[in-house]
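Enquirer: I have a structure I would like to understand better, so I am pasting it below and will then ask my questions one at a time.
The values are calculated or read from the model by the stated rules, or taken from the named source; none is laboratory data. Note that the structure is a prediction, hence the values are computed from the model and not measured. Don't worry about glycine lacking a Cβ; one is built from the backbone with ideal geometry, like all the others, and counts go over all protein chains shown. Note: accessible area is taken over every heavy atom of the protein model, side chains too, but ligands, DNA and RNA are not part of it. Shrake-Rupley method; radii C 1.70, N 1.55, O 1.52, S 1.80 Å.
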Amino acid sequence: MGTLTSGTLPVPGARLYYEVRGAGPHLLLITGGNSDAAVFEGLAAALASCFRVISHDPRGNSRSTLDGPPVDQRVEVHADDAYRLLAHLVPAGEPVHVVGSCAGALVGLELTVRHPERVRALVAHEPPALGLLPDAEELLALVDDAVRTAELRRLDPLFGGRSAPVLPEERDNTAFFLAHVLRPTTRFVPDPAALAAVADRVTMAGGQDSRTYVIHRPAAVLAQRFGHRPVLFPGGHVGYAKHPGAFARQLVEVFEVFAPRGRACAS
């Protein structure tokens, strides 16, 4: 799996905690919601045989502390954080592979739009851009209800009526997520023209088990704009945590299209 190193990076308004493991081309894993780098431990370990894997806690979550009081989070700011992390850890001029899941997929899309020279290929797994959907008003009202009541279970209809699974995490970030992350994230809509300019390096993705869920539908809408169908990965919305080995193998296959590395990786 390679030696794990960790560190912190001061950025405007926060201090980012990050982890690096493995060797090879750089690969950035971006989580979202109330998760932190711990959710990627299994996937990062599986990919470390062929990539130098970078993961981090999003600002405000777990070990990535804010400099001031909690504020509503913006996808654009998190994309700037990712860019600064790459500038800190990756040589200038080297494009990286990126995997973003849930809100992290939106961050990955925004990073690719803002800094296409830094992204070799992006896999965007089930971004929660509910504003793209024809029933957005109803779905965003559901989100508002979850924020008002401070109850995660109000989001179950987005996941086929099932409660969110228990995931590895360094700390419980639910309160911060409901108060400052959920509403702005689900209302974020990527710019269509800007996305069209980077379509050649973006693969929309989703879970095999979540393909009928509301949370999968924005990925399908965006994939259609990119001219393909979502690539289905093992498991559901958090398949990367539940099936890290199989998820890693499929990621390697997707990235082979952009930069062939042979089939020994993540085998």
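Enquirer: Tell me the volume per residue, in Å³, of the convex hull enclosing the alpha carbons of the stretch 174-241.
Expert: Output value, Cα hull per residue: 110 Å³.
Enquirer: Which one of VAL202, VAL166, VAL238 has the biggest mean-square fluctuation once the chain is modelled by GNM with Cα springs under 10 Å?
Expert: Of the options given, VAL166 has the highest mean-square fluctuation.
Enquirer: Further, regarding this structure: Place a +1 charge on the Cβ of each Lys and Arg in the stretch 124-197 and a -1 charge on the Cβ of each Asp and Glu, then give the dipole magnitude about the Cα centre in debye, rounded to the nearest 20.
Expert: Using only the charged Cβ atoms, the result is roughly 100 debye.
Enquirer: Over the stretch 95-231, what percent of the accessible surface lies on carbon and sulfur atoms, probe 1.4 Å?
Expert: The C+S portion of the solvent-accessible surface of the stretch 95-231 is 51 percent.
Enquirer: Whole Å is fine, so just give me how far the alpha carbon centre of the stretch 22-88 lies from that of the stretch 164-193.
Expert: 14
Enquirer: Report the label-to-label distance for ALA246 and THR174 in nanometres (one decimal), using points 7 Å from each Cα along the Cα→Cβ vector.
Expert: Distance between the two pseudo-spin positions: 2.8 nm.
Enquirer: Could you compute the net charge surrounding THR112? Neighbours are other residues with a C-beta less than 11 Å from the C-beta of THR112; K and R count +1, D and E count -1.
Expert: +1
Enquirer: Now for a separate question. State, in angstrom, two size descriptors of the stretch 127-267 derived from its alpha carbons: Rg to one decimal place and Dmax to the nearest whole number.
Expert: 16.4, 50
Enquirer: Still on this structure, I have one more. With all pairs of different alpha carbon atoms counted, what Kirkwood hydrodynamic radius in Å does the stretch 49-107 show?
Expert: Kirkwood radius, the stretch 49-107: 12.9 Å.
Enquirer: Any idea of the accessible area per residue across the stretch 40-79, 1.4 Å probe, to the nearest Å²?
Expert: Each residue of the stretch 40-79 exposes 34 Å² on average to a 1.4 Å probe.
Enquirer: Still on this structure: Loop-only trypsin sites (Lys or Arg not before Pro) in the stretch 165-267, please: DSSP not H, G, I, E or B, and at most 12 other Cβ atoms within 10 Å.
Expert: Of the trypsin sites (Lys or Arg not before Pro), the ones in loops of the stretch 165-267 whose Cβ has at most 12 other Cβ atoms within 10 Å are ARG263.
Enquirer: Could you give the length gained on full extension between VAL166 and VAL221, defined as 0.36 nm per residue of separation minus the Cα-Cα distance, in nm?
Expert: Extra length from VAL166 to VAL221 when fully extended: 17.0 nm.
Enquirer: Within the stretch 138-227, report the GluC sites (Glu not before Pro) that DSSP leaves as loop and that have at most 14 other Cβ atoms within 10 Å.
Expert: When the GluC sites (Glu not before Pro) of the stretch 138-227 are filtered for loop state and at most 14 Cβ neighbours within 10 Å, GLU151 remain.
Enquirer: I want to make sure I understand the PRE zone here: with the label point 7 angstrom from the Cα of ALA23 toward its beta carbon, which residues in the stretch 30-62 have backbone N atoms less than 18 Å away?
Expert: From the stretch 30-62, the list is 45-54.
Enquirer: Over the stretch 1-119, what is the relative contact order in percent, taking alpha-carbon pairs closer than 8 angstrom and at least six residues apart?
Expert: 29
Enquirer: In a solvent-free Debye calculation with one equal scatterer on each Cα, what is log10 I(q)/I(0) for the chain at q = 0.11 Å⁻¹, listed in the order of the q values?
Expert: Taken in order of the listed q values, log10 I(q)/I(0) reads -0.54.
Enquirer: Same structure again: Roughly speaking, what is the stretch gain from ALA92 to VAL189, that is 0.36 nm per residue apart minus the C-alpha to C-alpha distance, in nm to one decimal?
Expert: Contour length minus the Cα-Cα distance gives 32.0 nm.
Enquirer: Follow-up. Suppose R0 equals 51 Å; then what is the FRET efficiency for LEU133 and THR3 from their Cβ-Cβ distance, rounded to the nearest 0.05?
Expert: 0.70
Enquirer: Compute the label zone of THR212 within the stretch 138-174: residues whose backbone N is under 17 Å from the point 7 Å along Cα-to-Cβ.
Expert: 157-163
Enquirer: Full-extension gain between GLU117 and HIS228, please, as 0.36 nm times their residue separation minus the C-alpha to C-alpha distance.
Expert: The span from GLU117 to HIS228 would gain 37.7 nm if fully extended.
Enquirer: OK, next. Suppose we take every Cα in the stretch 103-187 and form the convex hull; what volume per residue is that in Å³?
Expert: Given the Cα convex hull of the stretch 103-187, per-residue volume reads 124 Å³.
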